[in-house]
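Participant: Mind having a look at this structure? Questions to follow.
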Amino acid sequence: MDFSLDKKHEMARTLFKEFAETEVKPLAQEVDETEVFPRGTVEKMAKAGFLGIPVPKEYGGQGCDPLTYVMCVEELSKVCGTTGVIVSAHTSLCIDPIMTYGTEEQKQKYVKDLATGAKLGAFALTEPGAGTDAQGAQTKAVLDGDEWVLNGSKCFITNGKEADVYIVIAITSIAEDKRGRKKKNFSAFIVDKGAPGFSFGTKEKKMGIRGSSTYELIFEDCRIPKENLLGPEGRGFPIAMHTLDGGRIGIAAQALGIAEGALDRAIEYTKERKQFGRSIAQQQNTQFKLADMATRIEAAKFLVYRAAIAKATQKVYSVEAAKAKLFAAETAMAVTTEVVQLFGGYGYIREYDVERMMRDAKITEIYEGTSEVQRMVISGALLK
Amino acid sequence: MKIVVCIKQVPDTKGGVKFNPDGTLDRAAMLAIMNPDDKAGLEAALRIKEEHGAEVTVITMGLPKADDVLREALAMGADKAILVTDRVLGGADTWATSTTIAGALRNIDYDLIITGRQAIDGDTAQVGPQIAEHLNIPVISYAEDIRVEGDYVIVKRQYEDRYHEIKAKMPCLVTALSELNVPRYMTPGGIFDAYDSEVTVWGRNDLKDVDDSNLGLKGSPTKIAKASDKVRKGAGEKVTLDASESVDYIMSKLKEKHVI
């Protein structure tokens, strides 16, 4: 076992760190305060190749591995959780399912533009009545001649109004099992922005990651070409679950980055802040807290990188992804809360980054599968 | 068209400079980066490549770890990289360095050579013009803009109070200022490719038409007596006076300091 990174990953980290410090960090507070999607940053990331890192070169990507992509989300999230999730949702939730389940035509038509950043991607599974219980979804799709007709709505969609391409999960048939119980069969679709009957509802006002564009999507007799069915008809649910396995690694990386960013601030601040005639870093209470946080972050990092490597080398990586996301998200929440405490009153003031980081951290325990869902996945594998 | 960009790995001086007890730079304690003027020169070459089509080769002389800076250049978009490294080349001053680089460049074809104006660890601004002298080609220094038109290069040369626009027939050498442009980022895919590419490594025996007496520490006429960090200038003194009082004031100060 070798826990060291090779030279190309080290250099990639240097690149991501430099970009994050130069282009992202100076805007993080403003993006949070104004809740404005950082379009300029997205354009810069597109130019730098950050929007198609694990995608093969023949499809417009960078031809790197999932670990490099994870390091990118991590470094961006160290300074801005919003920017981290924009890249994660685009790459893991939109590009990845098209690369995994798409036809050659779909890859040519969609992945090339997504991987170069000419277009931005999103993924729509959640509905008002269907979160953790994704089977509760109501959005339907019916084939009418050469077109699928979608009706329903999706909520809490990351990159919502800013995306150009959406992966939408909808019911395409209802079957009865042996006992006569009704079971919904879902299918996955690729929907372009501007499709007739596709519009946006409410923009959500959020606690954290406030610059990410979170919208409701509305489909009213929305017509899309027949060939925009992604994967086999009726396989939408496993496609969505497999996509979320990958997505969780991205969110785990976001959580890891937020925790690391908060610890970095704590180290700087506790060295400067003086109480009782010496810096608070010289007090053992602080030292022990910093040590505990650093240890926990290191453990999270190994789980996240392990999951990224599993994605590259294994066909199934649900458990690795679930463990990484569970532990990294809870680490992000615990570390940011502790760092706010170390900052004292200043930690509660918006002028300092750490209160934003604490708000940003919370969502990592909720989206793309709550911590409870991750525990279900992990224990399910143990008890099967 | 073939462009060669000479680059150097230097310690990052942003966080201050650290010295060994003997007065030499403690390079191990400082992060190594691509010299900023050289990076601007590389960016200029890559833009010429995009506009006119060109093959961009980067070359450096240094320790084996200078390989990093060549990979960075490849990751930004350079096509080929050459590392000149040899124990006998160590301790070189500007004369020995330019002799070495010129000896290496005699092995390859070039239309345009771009170097940085100066390296942030030495601040001499001598190596670029010396290479041109060794190769017997024209040099235009302090470029704040570089354009290529046919067989000619047109350079805006910066002066303190003005600039010159100079047109020269290639082959020629241009020294670049960091103000020339904002260098692009590497791309993740470029980094992966850079580590899959070969860096050509040359030693003393690969240098053409150079004499041992001009190489390394022995071939360096410069001896460093003492090195120091930049001395920070004070804020100075501000006075508000009318014209004739100002003249009197300045004259008295100059006399006080025995300048006049």
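The values are calculated or read from the model by the stated rules, or taken from the named source; none is laboratory data. All values derive from a computational prediction rather than experimental measurement. Backbone-built Cβ (ideal geometry, glycine too); neighbour counts: all protein chains shown.
Participant: Conditions: (1) out of contact with any Ser or Thr (no Cβ under 7 Å at 6 or more places or on another chain); (2) at pLDDT 95 or above. Residue A:352 meets all but one. Number of the miss?
Facilitator: The single condition residue A:352 does not satisfy is (2).
Participant: Next question, about the same structure. Would you tally the residues in segment A:88-110 being surrounded by 24 or more Cβ atoms within 10 Å (Cβ to Cβ) and under 18 Å from the mean Cα position of the chain (by Cα)?
Facilitator: Residues in segment A:88-110 being surrounded by 24 or more Cβ atoms within 10 Å (Cβ to Cβ) and under 18 Å from the mean Cα position of the chain (by Cα): 11 in total.
Participant: While we're here: Starting from segment A:2-18, keep only residues that are at the interface with chain B (Cβ under 8 Å from one of its Cβ atoms), then list their pairs with residues that are among the basic types (Lys, Arg) and in a helix (DSSP H, G or I) whose Cβ atoms are within a distance under 8 Å, requiring at least 6 positions of separation or different chains.
Facilitator: Once the first residue is at the interface with chain B (Cβ under 8 Å from one of its Cβ atoms) and sits in segment A:2-18, its partners that are among the basic types (Lys, Arg) and in a helix (DSSP H, G or I) give A:7/B:71; A:11/B:71.
Participant: Then there is this: Going through B:125, B:132 one at a time, which residue ends up being over 19 Å from residue B:47 (Cβ atoms), touching a Leu at 6+ places or on another chain (Cβ under 6 Å) and either in contact (Cβ under 8 Å) with a residue 24 or more places away in the chain or among the aromatic types (Phe, Trp, Tyr) (or both)?
Facilitator: Criteria check complete, one pass: B:132.
Participant: For residue B:246, state whether it is small (Gly, Ala, Ser), part of a helix (DSSP H, G or I), farther than 30 Å from residue A:9 by Cβ and touching a Gly at 6+ places or on another chain (Cβ under 6 Å).
Facilitator: In short, no.
Participant: For residue A:105, all conditions in the list (1) in contact with a helix residue (DSSP H, G or I) (Cβ under 8 Å, 6 or more places away or on another chain); (2) within 11 Å of chain B (Cβ to nearest Cβ); (3) among the charged types (D, E, K, R) hold save one; what is the number of the exception?
Facilitator: (2)
Participant: What are the residues in segment B:167-222 that are within 14 Å of chain A (Cβ to nearest Cβ), surrounded by 13 or more Cβ atoms within 10 Å (Cβ to Cβ) and not aliphatic (A, V, I, L, M), if any?
Facilitator: Scanning segment B:167-222 gives B:183, B:184, B:185, B:187, B:188, B:189, B:190, B:192, B:193, B:195, B:197.
Okay, residues lined up against (1) in contact with a Pro (Cβ under 6 Å, 6 or more places away or on another chain); (2) over 23 Å from residue A:31 (Cα atoms):
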residue: A:63; (1), (2): yes, yes
residue: A:68; (1), (2): yes, yes
residue: A:71; (1), (2): no, no
residue: A:76; (1), (2): no, no
residue: A:80; (1), (2): no, no
residue: A:89; (1), (2): no, no
residue: A:94; (1), (2): no, yes
residue: A:97; (1), (2): no, yes
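Participant: If you go through segment B:65-96 one residue at a time, how many are surrounded by fewer than 18 Cβ atoms within 10 Å (Cβ to Cβ), in a loop (DSSP other than H, G, I, E, B) and within 14 Å of another protein chain (Cβ to nearest Cβ)?
Facilitator: 0
Participant: Would it be correct to say that residue A:158 is hydroxyl-bearing (Ser, Thr, Tyr) and under 24 Å from the mean Cα position of the chain (by Cα)?
Facilitator: The answer is yes for residue A:158.
Participant: Out of the residues in segment B:44-64 that are within 18 Å of the chain's Cα centre (by Cα) and under 24 Å from residue B:204 (Cα atoms), which is surrounded by the fewest Cβ atoms within 10 Å (Cβ to Cβ)?
Facilitator: Filtering first and then ranking leaves B:63.
Participant: Something else about it: Would you confirm whether any residue within segment A:200-223 is surrounded by 16 or more Cβ atoms within 10 Å (Cβ to Cβ), outside any strand (DSSP E or B), of a type in the set (Gly, Ala, Ser) and out of contact with any helix residue (DSSP H, G or I) (no Cβ under 7 Å at 6 or more places or on another chain)?
Facilitator: Yes: one or more hits.
Participant: Sticking with this one: Pairs please, first residue from segment B:24-50 and in a helix (DSSP H, G or I), second anywhere and polar (S, T, N, Q) and modelled with pLDDT of 90 or more, Cβ atoms under 6 Å, 6+ apart in sequence or on different chains.
Facilitator: Partner pairs satisfying both residue conditions: B:36/B:178; B:37/B:178; B:40/B:178; B:40/B:181; B:43/B:181.
Participant: Turning to a different aspect of this structure: Can we say residue A:177 is closer than 28 Å to residue A:107 by Cβ, out of contact with any His (no Cβ under 9 Å at 6 or more places or on another chain) and surrounded by fewer than 18 Cβ atoms within 10 Å (Cβ to Cβ)?
Facilitator: Answer is no for this residue.
One line per residue, one yes/no per condition, for (1) among the aliphatic types (A, V, I, L, M); (2) over 22 Å from residue A:364 (Cα atoms):
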position	(1), (2)
A:179	no, yes
A:184	no, yes
A:193	no, yes
A:208	no, no
A:227	no, yes
A:238	no, yes
A:241	yes, no
A:251	yes, no
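Participant: Only residues in segment B:177-197 that are more than 16 Å from residue A:44 (Cβ to Cβ) count as the first member; pair them with residues that are assigned to a loop (DSSP other than H, G, I, E, B) and among the basic types (Lys, Arg), Cβ under 8 angstrom, at least 6 apart or cross-chain, and list the lot.
Facilitator: B:177/B:117; B:178/B:117
Participant: Can you tell me which residue among A:142, A:85 is at pLDDT 95 or above, among the aliphatic types (A, V, I, L, M) and closer than 20 Å to residue A:234 by Cα?
Facilitator: Exactly one of A:142, A:85 is at pLDDT 95 or above, among the aliphatic types (A, V, I, L, M) and closer than 20 Å to residue A:234 by Cα, namely A:142.
Participant: Another one. Exactly one condition in (1) out of contact with any Cys (no Cβ under 7 Å at 6 or more places or on another chain); (2) under 19 Å from residue A:111 (Cβ atoms) is false for residue A:70; which is it?
Facilitator: (2)
Participant: Something else about it: Take residue B:124 and decide whether it is of a type in the set (S, T, N, Q), modelled with pLDDT of 95 or more and either closer than 18 Å to residue B:5 by Cβ or under 15 Å from the mean Cα position of the chain (by Cα) (or both).
Facilitator: No, not satisfied.
Conditions tested, residue by residue: (1) more than 30 Å from residue A:377 (Cβ to Cβ); (2) of a type in the set (Phe, Trp, Tyr).
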| position | (1), (2) |
| --- | --- |
| A:110 | no, yes |
| A:113 | yes, no |
| A:142 | yes, no |
| A:170 | no, no |
| A:173 | no, no |
| A:178 | no, no |
| A:182 | no, no |
| A:203 | yes, no |
| A:207 | no, no |
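Participant: Do you know which residues across segment A:32-66 are aliphatic (A, V, I, L, M), surrounded by 23 or more Cβ atoms within 10 Å (Cβ to Cβ) and either assigned to a helix (DSSP H, G or I) or facing another protein chain (nearest Cβ under 9 Å) (or both)?
Facilitator: A:45, A:53
Participant: Now a separate question. Here are some residues: A:231, A:131, A:121, A:136. Which one is crowded, with 18+ Cβ neighbours inside 10 Å, modelled with pLDDT under 95 and within 24 Å of residue A:101 (Cβ to Cβ)?
Facilitator: A:131
Participant: Another one. How many residues, within segment B:249-260, are part of a helix (DSSP H, G or I) and not basic (Lys, Arg)?
Facilitator: Number satisfying all stated conditions: 6.
Participant: Are there any pairs, at least 6 apart or on different chains, whose C-beta atoms fall under 7 Å, with the first in segment B:1-17 and small (Gly, Ala, Ser) and the second surrounded by fewer than 23 Cβ atoms within 10 Å (Cβ to Cβ), and if so, which?
Facilitator: As it stands, the answer is B:16/B:229, since those pairs meet every condition given.
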